[in-house]
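Data first, discussion second: the structure below is written as structure tokens.
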Amino acid sequence: MSVEQHAEIYALWDDNRHQINSRKGGWRIGEAVYNHGYSMMDDLVGEISYFQQMVLNITGRLPDKALSEWLEACFICVSWPDPRVWCNQMAALAGSSHAATVSGLAAGLVAADSLMYGPGTILNCYSFIDQADRSIKQGVSISDIVKRHFNHKKDIPGYARPIAKGDERVVAMRRVSLELGFSKGPHERLAQQVSDYLVEEYDECINFSGYLVSFLSDQGYSGIEIERLVSLAVSSGLQACYVEARDRPAGSFLPMRCSDMIYTGKDDRELF
């Protein structure tokens, strides 16, 4: 690191020394709790939904009710009460060990942040659809976009699934989108064109992350904003699995005997 870079860092630290700066809002004792210019108790409580406030807290922009209902439906889509799901297993194991509720949920949320599924896929999905949109505007065909990505990455973020083919969550969310009055934007239409091509050529199609990212891109959200919006999406499913395991005798979720382990390493050897 250069001397100039060190100087910039030290200047930044000095600017923030002994003070907390926030553009989000804050509590003025005896006056109000402010959130992006709104008085939370006067303007927001009882007037907007929790999901509207969540989007406001993350992006600084208050969405309309239809979009907040759409996002809430997305959370339902991925909050499965199935302890076989990777992140739900962590919550169930925490419950079975009688760990605190918050600890169990935190463990599950961390496990959900994967490059194969969950919030960890969002930025790659956004990068693909954004680059594909730019390529289409430059005259590149769908087939060339797909082939180019397969040559470099071997797969396309937002398409296919690790276990099953198709995605029932996309079907459900398309129904919700229609019911809430949303029409397809350019990113969603492009994402569907890519999906149609993949169905024909590779028997694969768009998955939930790909649909979610293309839809929210058309609503004006950036990749990092979308990732933040869905960071807690699996929390309800985690709670279901934690609670079920916690209410049973301790250690009863997936117990194992030593004989259940199959060792394939080196033979025993003398240390001395």
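The values are calculated or read from the model by the stated rules, or taken from the named source; none is laboratory data. All figures in this text were calculated on a predicted structure; none of them were measured in a lab. Glycine also receives a Cβ, built like all others from the backbone with ideal geometry; neighbour counts cover every protein chain displayed. The area values use the complete protein model at the heavy-atom level, side chains included, leaving out ligands, DNA and RNA. Shrake-Rupley method; radii C 1.70, N 1.55, O 1.52, S 1.80 Å.
Quick look at the values:
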item: Carbon/sulfur fraction of accessible area - the chain, other protein chains in place, 1.4 Å, %; result: 54 percent
item: Dipole-positive endmost among Thr101, Gln138, Ser177 within the stretch 101-177 (Cβ charges, Cα centre); result: Gln138
item: Quotient of Cα Rg and 2.2 N^0.38 Å for the stretch 116-240, N being how many residues it contains; result: 1.03
item: GNM result for the chain, Cα springs below 10 Å: residue of Asn88, Asn16, Asn35 fluctuating most strongly; result: Asn16
item: Volume per residue of the C-alpha convex hull in the stretch 66-118, rounded to whole Å³; result: 85 Å³
item: Over the stretch 16-113 - Rg/Rh using Cα atoms and the Kirkwood inverse-distance radius; result: 1.10
item: Electrostatic dipole magnitude of the chain [Cβ: Lys, Arg +1; Asp, Glu -1; Cα centre; debye, to 20]; result: 200 debye
item: Glu47-Ser259 pseudo-label distance in nm [points 7 Å out on the Cα-to-Cβ vector]; result: 6.7 nm
item: Charge dipole magnitude, Cβ of K and R +1, D and E -1 - the stretch 1-108, Cα centre, debye nearest 20; result: 260 debye
item: Cα Rg over Rh - the chain, Kirkwood; result: 1.06
item: Ordering of 252-259, 101-108 by packing [mean C-beta count within 10 Å, highest first]; result: 101-108, 252-259
item: Largest-first principal axis extents of the Cα set of the stretch 1-44 (Å); result: 50, 17, 10
item: Only Lys, Arg (+1) and Asp, Glu (-1) charged, at Cβ; the stretch 53-180 dipole about Cα centre in debye; result: 420 debye
item: Coil-residue trypsin sites (Lys or Arg not before Pro) of the stretch 1-85, DSSP, other Cβ within 10 Å capped at 13; result: Arg17, Arg23, Lys24, Arg61, Arg84
item: For the stretch 38-169, convex hull of alpha carbons as volume per residue, Å³; result: 164 Å³
item: GluC sites (Glu not before Pro), loop per DSSP, at most 12 other Cβ atoms within 10 Å - longest free stretch of the chain; result: 48-269
item: Choice from Leu109, Leu12, Leu238 with maximal GNM fluctuation in the chain (Cα, 10 Å cutoff); result: Leu12
